[in-house]
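The values are calculated or read from the model by the stated rules, or taken from the named source; none is laboratory data. Note that the structure is a prediction, hence the values are computed from the model and not measured. Here the Cβ is made from the backbone with ideal geometry for all residues, glycine too, and neighbour counts use every protein chain on show.
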Amino acid sequence: MLTKLFQSIHALAFAAVLLLATALPAAAGPFEDAIGKFANDEFSDTDEAIAVIAASGNPLAYSIISALQDGRLMADPDAKKIYVTQPDGKSIDALSGAPVASIPDSVAAVRLNNRLRRTVEAALGSLTLQSPDPAKRIQAAQSVFKSHDAAMLPAIDSALQRETNKGAKLAFSEARAAILLFKEDATDAEKLEAIATIKTRGDQEALALLTGLSGEQPPAIVRAAANATAAIQSNLAMWSAVQNAWYGLSLGSVLLLAAIGLAITFGVMGVINMAHGEMVMIGAYVTFVVQETIRTSYPGLFDYSLLIAVPLAFLAAGAIGVLIERSIIRFLYGRPLETLLATWGLSLVLQQAVRTMFGPNNREVGNPSWMSGAFEIGQITVTYNRLWILCFTLAVFAILLAMLRYTALGLEMRAVTQNRRMAASMGTATSRVDALTFGLGSGIAGIAGVALSQIDNVSPNLGQSYIIDSFMVVVFGGVGNLWGTLVGAFTLGIANKFMEPVAGAVLGKIAILVLIILFIQKRPRGLFALRGRAVEA
Amino acid sequence: MLTQPTHHVAKPLSRRRWLAATAGLILGLSAFTPAKAADDTIKVGVLHSLSGTMAISETTLKDTVLFLIDEQNKKGGILGKKLEAVVVDPASNWPLFAEKARELITKNKVAVVFGCWTSVSRKSVLPVFKELNNILFYPVQYEGEESERNVFYTGAAPNQQAIPAVDYLMKDEEVKRWVLAGTDYVYPRTTNKILEAYLKSKGVKQDDIMINYTPFGHSDWQTIVADIKKFGSAGKKTAVVSTINGDANVPFYKELGNQGVKATDIPVVAFSVGEEELAGIDTKPLLGHLAAWNYFQSIKTPSNEKFIKEWQAYTKNPKRTTNDPMEAHVIGFNMWVKAVEKVKSTDADKVIDALPGIEAPNLTGGTSKMLPNHHITKPVFIGEIKGNGQFDVVWKTPGLVAGDAWSKELEGSRDLIGDWVGKKCGNYNTKLNKCGGQGS
């Protein structure tokens, strides 16, 4: 089937021109029969239809199969008619290519399962080997690399000869190597060369290909494959250390973001705020509301939704923070146990309030396009959302540090926390500063919620999962010291990620807790202890 | 500057204990039910968490029972009496489940209780139902290895969900390597034990099985998804069987989508992800990942379409989803109604004896039957996630599958059966021909 397909590719280009001039007459033939099969709603029929259409050389083959992949191929089960809805929303008849004014309401997209999706990918790969877009050619070569179908060899060879794009050339030569490696009648020399090419590729797919090679090969080939496998594995092992470090940084940034607000309310002010997690949750719900408004009213702004949500979340959570401080916490200064109980009760109230307002289910917060997907550095995958969160966290940290250092409010905050009575006697309105400091800490928790909504669920329970971790980070880093929080968060993140592959997620977490308890026994004031008279107060 | 209390806070245990103590106090108030004793109604207890971590799943089930009672009352109730719902909130707190169950039975005098989600909450209320001799309908898929006289299991046993799903992957997707990933508690652990034994009986080697557990609410999936990718690169078709439960699913699927693990390469089949859970995720990157259930909202049968329409009208939300445990409550409720009408009494002993053999239509076009082991017959469907947050059924069992109370794959339970009709025993050992064989 696929050899025919290769011949058909040439026909395709010419026929595409013809298509514009005339719609093909609907005479019964294999192509017409195949199209009809889509209406049967049976996976086996769809499978046969894909094979026939891909090999038919019909100019509509590409648009039919790509429509099938995207769920745009519509079947009318009663009239046995098949339509292609094009990306611009207009429809054509799949048989003739003629535009159709409107398609009946009874149509449904032709269904696929995973096996068929793979068939479709392979068929599309063979149809797009000569696409003018290099990215599409690379994608096509990749799908051939995965399927390594021997029938594709001539097509790949000719594509390789004509290829000028460097990346596409490499992809084609890798696809060629993959085919040769599995081709029964390839010579030993060809196979050895193929192994060398695949070894240079060196990623997990190359490894999958090499380990999937059957044992019935000449000893020289088996040895070369084993050597290449070992080389790729040791290379990947090195990368996995880099990967763990990156994951650790990423986890650390999430911990830091969640803990940074607490470092102010608990670390600087000494308030054990159990409702801190709920401030994070409120930030996440602000993001949800912003996105929902944008979705219904201004869909074009979706990519900016997070930028809009950040200041709003800060204000919302900050305002609630000030309210809490004024109405509850200010009466409880110096009574840690009561503060703990009151804020913890408050956290339940806030959770249930949100649950009543928004319902108990998760709310969908989408990733804007610049935060979706991933890119590869060497052999590690870096996801954009994690990368942005790391940058965002560091920016928040820097701004906060600068604020404490260089603004009047920052100066007052430091004065009040270091020596409240002295500050008061110098004319600082300490109660106002308390409210603002608490509001600042809560507001920062709110913007943490905006970022966390991108990786976690937005549900009333969101905050609960972060409160323990946040206290852990602040206590470990040293109460009252922002730099301690920074170092503490990244240390815990990286330690966790290096421990996880060895001990598993559950044991890893327990081990971290035990280590922190031991550490606190040794150094009760954390990594960076504050010194001086303030500590004794 | 406060340093003293920090030790106090850093330990998660202290918080947990406060939870237990105060949750009852605060939330008990909200669950207060007016004691207007009326003898002309039959009371139906609803024991689902409306607050706390499980509220996400259980609130819908509470609404479902209220909806069913409403519908039944429109038809005139049962035995000439109206039904009256008694709703309590056990607040995702397992000991509180037992307290609330006791309150429902002794104080409110309910005839039957529909409730529980997690296995631990079911285990917590079991002694109460036994002692006070009442009836519990449990609507969630669970790990099996249990058959109690007072409990009717309308959710799937492992052989009605996990085993058919693995069969599908083995035959249709030709999967050779398996990742069993789950949340660290009893349901995933038992299910994975059963699956591991089953896979090995089908000739899968130990090297080709990777088992991974994560804590509840796990949110950082980077390492595990990378591990899965690595495990899948051994040249054999790999699939993930996920018993990950609750909130942890959203970050898991987000990470899968972002790291580009596509269903065509490594499909993930989940047993705890339904329409409700998908509501919080953008499902476009997840196209083709699978779930195994006994019901999907997308199944087109007249009874399902009618149910969805009435449910959405009742909740006044045209987008409200339906899911598998809801269907289980529908079946269980209808079975209970039929049993009560058959014996013309709500007396627990009479209804328990009448229930086995009772049939009720399910929403997917078949008729489910209550078996002597207090499980029911159900069809099994495999659905693929679609871009709109719904599932597309790609495979189903030819007929209805009878639920096994005791797994045939496990050493300790192979010879056990539950039979409350002939043997009057939940763990009858067919080898030794006596009641009281050992459990799991």
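Taking segment A:419-449 as the range and being among the aliphatic types (A, V, I, L, M) and either more than 16 Å from A:L257 (Cα to Cα) or in contact with a Leu (Cβ under 6 Å, 6 or more places away or on another chain) (or both) as the test, the residues that pass are A:M422, A:A423, A:A424, A:M426, A:A429, A:V433, A:A435, A:L436, A:A448.
In the set (1) aliphatic (A, V, I, L, M); (2) without any contact (Cβ under 8 Å) to a residue 60 or more places away in the chain; (3) surrounded by 18 or more Cβ atoms within 10 Å (Cβ to Cβ), the condition left unmet by A:A448 is number (2). When the test is whether a residue is of a type in the set (G, A, S), within 12 Å of another protein chain (Cβ to nearest Cβ) and under 26 Å from B:T364 (Cα atoms), B:S233 does not pass it.
Just wondering, is there one or more residues in segment B:422-435 that are in contact with a Ser or Thr (Cβ under 8 Å, 6 or more places away or on another chain), modelled with pLDDT under 95 and either away from chain A (no Cβ under 14 Å) or part of a loop (DSSP other than H, G, I, E, B) (or both)? Yes: one or more hits.
Take B:I299 and tell me if it is among the aliphatic types (A, V, I, L, M), more than 10 Å from every other protein chain (Cβ to nearest Cβ) and assigned to a loop (DSSP other than H, G, I, E, B). Walk me through how you get there before you give the answer.
Values: among the aliphatic types (A, V, I, L, M): yes; more than 10 Å from every other protein chain (Cβ to nearest Cβ): yes; assigned to a loop (DSSP other than H, G, I, E, B): yes.
For B:I299, the condition - among the aliphatic types (A, V, I, L, M), more than 10 Å from every other protein chain (Cβ to nearest Cβ) and assigned to a loop (DSSP other than H, G, I, E, B) - is met.
Give the residue that is surrounded by the fewest Cβ atoms within 10 Å (Cβ to Cβ), with candidates limited to residues of segment B:73-97 that are of a type outside the set (K, R) and closer than 16 Å to B:K344 by Cα. Once the filter is applied, the top-ranked residue is B:G80. Just one of the listed residues (A:K191, A:K146, A:K199, A:K169) is closer than 26 Å to B:D265 by Cα, assigned to a helix (DSSP H, G or I) and over 35 Å from the mean Cα position of the chain (by Cα), namely A:K191.
Taking the criterion of being farther than 14 Å from A:L452 by Cα and under 11 Å from the mean Cα position of the chain (by Cα), the residues of segment A:380-404 that qualify are A:T381, A:V382, A:T383.
Can you name every residue in segment A:373-391 that is outside any helix (DSSP H, G or I) and within 7 Å of another protein chain (Cβ to nearest Cβ)?
First, the residues of segment A:373-391 that are outside any helix (DSSP H, G or I): A:373-383.
Result: A:G373, A:A374, A:T381, A:T383.
Taking first residues from segment A:250-273 that are more than 12 Å from A:L486 (Cα to Cα) and not assigned by TED's automatic domain parsing to the domain that holds A:F331 and partners that are at pLDDT below 90 and in a loop (DSSP other than H, G, I, E, B), no Cβ contact under 9 Å between residues at least 6 apart in sequence or on separate chains turns up.
The requirement of being modelled with pLDDT under 85, in the same structural domain as A:R176 (by TED's automatic domain parsing), assigned to a loop (DSSP other than H, G, I, E, B) and within 30 Å of B:Y168 (Cβ to Cβ) is fulfilled nowhere in segment A:129-140; no residue meets it. Away from chain B (no Cβ under 11 Å) and over 21 Å from the mean Cα position of the chain (by Cα): does that describe A:I260? For A:I260, the condition - away from chain B (no Cβ under 11 Å) and over 21 Å from the mean Cα position of the chain (by Cα) - is met. Number of residues in segment A:319-338 that are more than 14 Å from every other protein chain (Cβ to nearest Cβ), part of a loop (DSSP other than H, G, I, E, B) and of a type in the set (G, A, S) equals 0. In segment A:359-375, the residues that are under 12 Å from B:E276 (Cα atoms) form Cβ pairs under 8 Å with partners that are among the acidic types (D, E) and surrounded by fewer than 22 Cβ atoms within 10 Å (Cβ to Cβ), at six or more places apart or across chains, as follows: A:E364/B:D282. Among the conditions (1) touching a Lys or Arg at 6+ places or on another chain (Cβ under 8 Å); (2) assigned to a helix (DSSP H, G or I); (3) within 13 Å of chain B (Cβ to nearest Cβ), A:A241 misses just one, which is (1). Before we move on, is A:Y247 loosely packed, with under 15 Cβ neighbours inside 10 Å, hydroxyl-bearing (S, T, Y) and at pLDDT 90 or above? In short, no. Residues that are part of a helix (DSSP H, G or I) and farther than 24 Å from A:A67 by Cα within segment A:149-166 comprise A:A150, A:A151, A:L153, A:P154, A:I156, A:D157, A:S158, A:A159, A:L160, A:Q161, A:R162, A:K166, listed in sequence order. Got a sec? Which helices (runs of 4 or more DSSP H) wholly within segment A:438-537 have at least 3 residues that are out of contact with any strand residue (DSSP E or B) (no Cβ under 8 Å at 6 or more places or on another chain) and among the basic types (K, R)? Qualifying helices (runs of 4 or more DSSP H): A:482-522.
So, in segment B:258-284, of the ones that are in a helix (DSSP H, G or I) and facing chain A (nearest Cβ under 8 Å), which residue ends up surrounded by the fewest Cβ atoms within 10 Å (Cβ to Cβ)?
Restricting attention to segment B:258-284, the residues satisfying the condition of being in a helix (DSSP H, G or I) are B:258, B:275-278, B:284.
With the extra rule that they be facing chain A (nearest Cβ under 8 Å), the set shrinks to B:258, B:276-277.
Values: B:N258: 25, B:E276: 23, B:E277: 25.
Within segment B:258-284, the match that is surrounded by the fewest Cβ atoms within 10 Å (Cβ to Cβ) is B:E276.
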